[in-house]
Amino acid sequence: MSEHPTSSDPSGIGTPDVRDPATDITASYALEPGYVRRLTAGVLASTGRAETTWAPATGQPLGSVPQSSVPDVEEAFARARRAQQAWQRTPLEERSAALLRLHDLVLDRQAEILDLICWESGKARKHAFDEPLHVALTARYYARTGEEHLATRRVAGLVPGLTRVEVNRLPKGVVGIISPWNYPFNLALCDGIPALMAGNAVVAKPDSQTMLTALLGKQLLEEAGFPTDLWQVVAGPGAEIGGAIVERADYVCFTGSTATGRVIARQCADRLIGCSLELGGKNPLLVLRDADLDRAAEGAVRASFSNAGQLCVSTERLFVADQVYDRFVDRFVARTKAMVLRAGIDWGSDMGTLTSQAQLDTVVAHVEDARAKGARVLTGGRARPDLGPYFYEPTILEGVTPDMACFGKETFGPVISVYRFSDEADAVARANAGEYGLNASIWTRDTARGRALARQVKCGTVNVNEAFGATFASVESPMGGMRESGLGRRQGAEGIHRYTETQSVATQRLIRLAPMLGLSDESFAKVMTANLRLMKKLGRK
Ligand code: NAD
């Protein structure tokens with residue numbers, strides 16, 4: 001485990017070699033060891049090595065996760081390939097039925113799932129709830145639409161009536177899924193659901209920090225009736241174990257930072273395999289002068305501080321029309337100040353902790369850099385070791401300028417910069433500045449105007465009068481980034497088609513596509529030319 005409390009913690013708690021029950025009999029795990037062992041039995045690992053995982057909110061150890069080697073990844077692929085051979089022959093109705101059972105299991109076992117997400121990631125329970133919700137929505141959507149998305153399609157042939165063409169959608173084979181720690185349940189599962197529906201197997205490498213939650217996902221898939229070997233989980237460092245997956249997969253689905261996404265894209269290019277990359281963002285939110293300010297302020301709090309800002313689609317730049325700037329900012333600051341911050345897995349917290357020392361370091365560095373260069377802190381701006389080792393207050397900055405790190409770099413924390421604008425075209429240009437293009441949010445009472453403005457924003461998703469959930473939870477709509485925020489789309493038709501190879505099968509009847517009945521090559525060319533003119537006249541595509 002790379003990230004855990006260290007002796008340099010602001011809180012001073014959580015030195016692992018003192019508190020780890022493996023070395024200190026007075027210490028205890030936060031989770032029942034038998035429960036953890038049942039989960040970690042799902043990792044394919046033969047190294048004999050294990051890494052302790054820690055609860056970021058309290059610094060307490062949670063359990064010990066076996067670590068995989070490159071030969072383990074090899075073995076995971078061998079097992080997955082065998083399972084996939086049988087799975088691709090499974091009728092679509094059986095695959096749908098398993099997904100609908102997964103849907104029910106996720107709802108029935110919601111409390112257990114939320115507890116584990118809260119323990120492992122330290123987020124507030126209300127933010128954890130988005131995860132089983134998204135898994136259930138995705139499972140239902142692909143269960144109900146898989147058949148339609150995967151159906152063989154008849155298309156027009158060269159010679160009408162005589163060339164019959166069908167387009168098949170065949171599974172790619174074994175899909176590699178590499179996922180991050182910030183949404184450990186839904187990002188581990190949701191991209192795999194359409195892969196399974198399309199007849200693939202999966203080898204998954206969740207982030208080391210949140211292995212247990214991802215392993216609960218594997219357990220639920222098995223309980224829903226998916227064959228055990230169809231979903232392999234390996235554990236270990238990103239470059240070594242993630243890299244070994246990229247070297248063997250038939251397709252890679254990666255969610256994480258833009259820097260890692262670039263490395264994976266290069267490796268996939270070398271192997272000539274496809275990949276989808278769900279990467280970082282520096283997402284803008286626009287409050288137009290006719291916005292409902294109370295609604296916009298409430299939405300801006302969710303947009304900025306869900307999961308303490310550790311969310312790819314959360315807002316880090318807020319542009320407000322001059323005419324309403326003061327009234328909006330007053331409301332936004334007041335709502336932010338009223339947020340309840342605390343450790344705990346119950347529903348009583350409005351924002352949980354950052355997930356690691358690395359996250360806290362980035363947030364502190366960005367805020368201190370902005371402060372030193374003249375930005376004003378309207379609220380927040382402090383670490384809160386009294387609440388837990390990595391807690392940081394929700395923070396609103398004003399007067400942020402391009403020389404400050406938080407102006408264009410992704411903070412991935414609870415830090416938002418507020419800017420004024422007087423001209424909407426200028427606001428859109430500023431929202432479009434920088435290299436990212438993941439999500440945007442526009443607040444206005446004129447929703448038609450909001451939608452028109454959305455078309456000018458270079459982001460893969462735009463929410464009008466919502467933060468990010470309206471697009472993300474509408475699982476029929478494609479989700480992903482423009483520019484350096486990614487490649488490809490999850491959700492909707494694109495979300496399942498990426499895991500298929502399209503294959504065209506043409507059956508030719510009666511005539512051959514060459515001169516016949518004694519026709520010379522030249523006469524055949526003339527007949528074909530006449531045919532082309534006729535087809536155009538008939539309006540054929
Ligand atoms: P990261 O890129 O460091 O790690 C993500 C995953 O990739 C982890 O499982 C890690 O072990 C693995 N990995 C790291 N290096 C690798 C390599 N060389 N080869 C293969 N795998 C490797 O990302 P992170 O910092 O942990 O996650 C936060 C980032 O993820 C943020 O930038 C955030 O915006 C982004 N994110 C994007 C989305 C989205 O849908 N667009 C969703 C969540 C997070």
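Brief remarks on what is shown
- Shape category assigned to segment 79-121 from the gyration tensor of Cα positions, a/c cut at 1.5: oblate
- Sorting the Cα pairs of segment 426-527 by distance into bins of 10 Å, from 0 upward, gives 13, 30, 18, 9, 11, 14, 5, 0 percent per bin.
- 3J(HN,Hα) along segment 110-121: 3, 4, 5, 4, 5, 4, 5, 4, 5, 4, 7, 9 Hz, from the Karplus curve 6.51 cos²θ - 1.76 cosθ + 1.60 with θ = phi - 60°, whole Hz, x for Gly and Pro.
- Using C-alpha pairs below 8 Å separated by at least 6 residues, the relative contact order for segment 93-168 is 31 percent.
- Neighbour counts of other Cβ atoms within 10 Å put Phe421, Phe305 in the fewest-to-most order Phe421, Phe305.
- Ascending count of other beta-carbon atoms within 10 Å, so fewest first, for Trp231, Trp87: Trp87, Trp231
- Projected label distance in nm at Arg81 and Arg262, using a 7 Å step from Cα toward the beta-carbon: 3.3 nm
- Environment charge at Ile345 (Cβ cut-off 9 Å; Lys +1, Arg +1, Asp -1, Glu -1): -1
- Label positions at Ala525 and Ala334, each projected 7 Å from the Cα along the C-beta direction, are separated by 8.1 nm.
- Highest to lowest packing among 196-202, 28-34, 92-98, scored as the average C-beta count within 10 Å: 196-202, 92-98, 28-34
- Packing-based ranking, highest mean first, of 357-367, 496-506 given that Cβ atoms within 10 Å are counted: 357-367, 496-506
- Note on Lys218, Lys537, Lys172: ascending count of other Cβ atoms within 10 Å places them as Lys537, Lys172, Lys218, the fewest first.
- Cα extents of segment 358-450 along the three principal axes, largest first (Å): 47, 26, 24
- Positive minus negative residues near Asn283 (Lys, Arg vs Asp, Glu; Cβ under 10 Å): 0
- Couplings 3J(HN,Hα) for segment 255-264, derived from phi with the Karplus relation 6.51 cos²θ - 1.76 cosθ + 1.60 (θ = phi - 60°), are 10, x, 7, 5, 4, 5, x, 4, 4, 5 Hz, where x marks Gly and Pro.
- FRET efficiency for the pair Thr507 and Leu170, taken as 1/(1 + (r/R0)^6) with r the Cβ-Cβ distance and R0 = 22 Å, rounds to 0.80.
- Most to least packed among 234-245, 324-335, 508-519 [average Cβ atoms within 10 Å]: 234-245, 324-335, 508-519
- Considering only segment 362-516, percent of DSSP beta bridges that pair antiparallel, nearest 5: 40 percent
- For segment 190-269, fraction of C-alpha pairs farther apart than 17 Å, in %: 47 percent
- Where both bridge residues fall in the chain, DSSP classifies roughly 40% of the beta bridges as antiparallel.
- The chain: angle of helix 293-305 to the longest principal axis, Cα-based, in degrees nearest 10: 90 degrees
- Computed from the alpha carbon atoms alone, the convex hull of segment 294-369 holds 118 Å³ per residue.
- Among residues other than Glu393 with Cβ under 10 Å from its Cβ, the summed charge is +3 (Lys and Arg +1, Asp and Glu -1).
- In the chain, helical runs assigned H by DSSP with n ≥ 4 each contribute -39500 (n - 2.57); averaged across all residues and rounded to the nearest 500, the mean residue ellipticity at 222 nm is -12000 deg cm²/dmol.
- Cα gyration tensor, segment 476-517 - rounded (a/c under 1.5), prolate or oblate: prolate
- Global geometry of segment 30-69, whether rounded, prolate or oblate, following the gyration tensor of its Cα atoms and the 1.5 cut on a/c: oblate
- Taking all pairs of distinct alpha-carbon atoms in segment 65-160, Kirkwood radius in angstrom: 16.8 Å
- Tail weight of P(r) past 47 Å, computed on alpha-carbon pairs of the chain, percent: 18 percent
- Segment 378-482: GluC sites (Glu not before Pro) in DSSP coil with no more than 16 other Cβ atoms inside 10 Å: Glu435, Glu476
- Segment 227-332 - Rg over Rh from alpha carbon coordinates, Kirkwood radius: 1.20
- Fully extending the segment from Ala358 to Glu247, taken as 0.36 nm per residue of separation minus the present Cα-Cα distance, adds 37.1 nm.
- For the chain, the longest principal axis of the Cα atoms and the long axis of helix 211-223 meet at an angle of about 50 degrees.
Readers should treat all values here as calculations from the given coordinates under stated rules, not as data from a laboratory. Nothing here was measured: the structure is a model prediction, and the numbers come from that model. As a convention, Cβ positions derive from the backbone with ideal geometry for all residues, glycine included, and neighbour counts pool all protein chains shown.
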